[in-house]
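Notes for the one structure printed next.
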Amino acid sequence: MLNTTQNTSTKDMTVAEVKSFQNEITELRNTASGWYGNQYKSSNEALYSIFSKLYVLYDNLTTTTDEATTQKREWIEAECKAKGVVLTKKPTILQLLVNYAFYVDDVDCTKRLSSYIRVLKAAVCTDSVAADNIANWIADNGGIESIRQQTTKSAVTKEMRIEEGISLVNRFKTLSTFSNSKTQQYASTKTDEVVLLVGVLQADGTIAVKHTIFKEEDNSNIKGSTAINTALCNVYSKHNETIKNDASKKEAEDKAQSMNDIIANAELADEVQLSEAA
């Protein structure tokens, strides 16, 4: 009887979550429609505000894999198709969100929506960009069209950065270990799961660990997926930065060595000439 009650409660929560998402994205679509009809040519601020809200929805849909998330995706894809939106065989979350929010009946907006998708894709692939600063990021980079021109099809998606971040973490040498009552509690059910530690650097160079973040915790509605995925993206970016810096350093060393060789050869030639002259 208890299991039946729990299953019913979980189902009710899923239905409520999906309905909340439907209401939120529909309200956002209405805002986008109003912007297109009244402010399209004059207000970037309103457009960027819509982008910010889409970013939040994207984060929520890509950091969880529960039943509610599956239903949200299925619903928005069905809605897009019902409106006549032409989608790829396996549309991405960004494609679905942008098309649902900005598609206008009887208007050829393919190029415009493609630009929006490209810009949002670039945003989610940039570690320093989040929902609260995407407007400034777009403006600082010259606007929608400028970013579209700068991006390429080879851009690495956020999901790819997260996946590679996990792979890198698993390959890295262990710097230190830590445990507390919470990590011990989840040891049997969350082994090998990425966990984020929040610490404060001390005057002696040690780090005082203050908080642990799990993707999901028992009896809590607060999820740590977004924070953990952001950290994994940082791992990916820092690793690539190190590789590039090492490559640049080696290139500089090779150039320096080449120059030294040229100088050494020139000095040797001078010595030979002097010897022959003598």
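Check which residues have an amide H placed less than 5 Å from Ile207's amide H, if you skip close sequence neighbours.
Gln202
Would you mind checking Lys190/Lys223; Lys111/Lys238; Lys158/Lys210; Lys53/Lys210 for any pair whose Cα atoms are more than 23 angstrom apart?
In this structure, Lys111/Lys238; Lys158/Lys210; Lys53/Lys210 exceed 23 Å between Cα atoms.
What spacing in nm lies between the two simple spin-label points modelled at Leu201 and Thr126, each 7 Å away from Cα in the Cβ direction?
2.6 nm
Grab the beta carbon distance between Asn133 and Leu87, set R0 = 41 Å, and tell me the FRET efficiency rounded to 0.05.
Once the sixth-power term is evaluated, E becomes 0.85.
Taking only the alpha-carbon atoms of the stretch 2-155, what semi-axes of the equivalent ellipsoid follow from 5 times the gyration tensor eigenvalues under a square root, in whole Å, largest first?
Gyration-tensor ellipsoid for the stretch 2-155: 29, 18, 15 Å.
Going by amide H atoms built from the backbone, whose H comes under 5 Å of the H on Glu216, apart from near neighbours?
Hits under the 5 Å cutoff: Gly224.
Report the FRET efficiency, 1/(1 + (r/R0)^6), for Glu27 and Glu159, where r is their Cβ-Cβ distance and R0 is 25 Å, rounded to 0.05.
The formula returns an efficiency of 0.40 here.
Could you work out how far the C-alpha centroid of the stretch 106-121 sits from that of the stretch 17-87, in angstrom?
14 Å
Give the calculated FRET efficiency between Asn245 and Asp66 to the nearest 0.05, with a Förster radius of 41 Å applied to their Cβ-Cβ distance.
0.55
Hey, what do the phi angles of the stretch 137-145 turn into as Karplus ³J(HN,Hα) couplings, whole Hz, using 6.51/-1.76/1.60 and θ = phi - 60°, x for Gly and Pro?
Going residue by residue, I get 4, 5, 5, 5, 9, x, x, 4, 5 Hz, with x marking Gly and Pro.
Can you list the HN-Hα couplings for the stretch 106-113, worked out from phi with the Karplus curve (6.51, -1.76, 1.60; θ = phi - 60°), rounded to whole Hz and with x for Gly and Pro?
Coupling constants for the stretch 106-113: 6, 10, 7, 10, 4, 5, 5, 5 Hz.
Can you tell me how much longer the chain between Asp140 and Thr189 gets when fully stretched, taken as 0.36 nm per residue apart minus their C-alpha distance, in nm with one decimal?
Extra length from Asp140 to Thr189 when fully extended: 13.2 nm.
All of the numbers you see were taken from the coordinates with simple rules; none came from a lab. Everything numeric here is computed off the predicted structure, so don't read it as measured data. We place every Cβ from the backbone using ideal geometry, glycine too, and count neighbours over all the protein chains shown.
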